[in-house]
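Here the structure comes first, spelled out in structure tokens, and everything after it is commentary.
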């Protein structure tokens, strides 16, 4: 079954000041080394900020994730990476998005900064 998702290409990164990808600490070393990958999906899924209730699930981010990566989409777009916004506000990209495009990484839901040195 093929699912069609209506989405528009993002051309102005300044309209998306906060874009995050939720993931798990166990995957972080691989993500830092290899960048964010779509991993068998059509796109990398990202959210436009954290949910208002930190225990709540929101489109683009699983409620069970324990790490959030803040993405510098302006920097990524300058590297030729395309981003799209779906009808429900999820930010999508085919990636890969390398670690040089990460603004910061935080534990979730505590939001303490994760050092990647």
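Between residue 64 and residue 107, the distance separating the two model label sites (each 7 Å from Cα on the Cα→Cβ line) works out to 2.0 nm. For the chain, the relative contact order comes to 33 percent (Cα pairs under 8 Å, sequence separation of at least 6).
For the listed peptides 69-75, 108-114, a ranking on the average number of other beta carbons within 10 Å per residue, highest first, reads 69-75, 108-114. For the pair the stretch 5-55 / the stretch 70-115, the C-alpha centres are spaced 5 Å from each other. Would you kindly calculate the translational diffusion coefficient of the stretch 8-56, applying Stokes-Einstein with the Kirkwood radius from alpha carbon pairs, for 25 °C and a viscosity of 0.890 mPa s, and quote it in µm² s⁻¹ without decimals? For the chosen part, D equals 190 µm²/s. The alpha carbon convex hull volume per residue for the chain rounds to 114 Å³.
Could you calculate the FRET efficiency of residue 8 with residue 72 from 1/(1 + (r/R0)^6), where r is the beta carbon distance between them and R0 is 30 Å, rounded to 0.05? Could the numbers behind the result be given before it?
Details: r = 20 Å, r/R0 = 0.68.
It comes to 0.90.
Estimated at 0.36 nm per residue, the fully extended path between residue 26 and residue 39 surpasses their Cα-Cα distance by 3.2 nm.
Read-outs: derived from the displayed coordinates by stated rules, not from any lab. Here the structure is a predicted model, which means the values were calculated and not measured. Neighbour counts run over all protein chains shown; Cβ positions are idealised from the backbone, glycine included.
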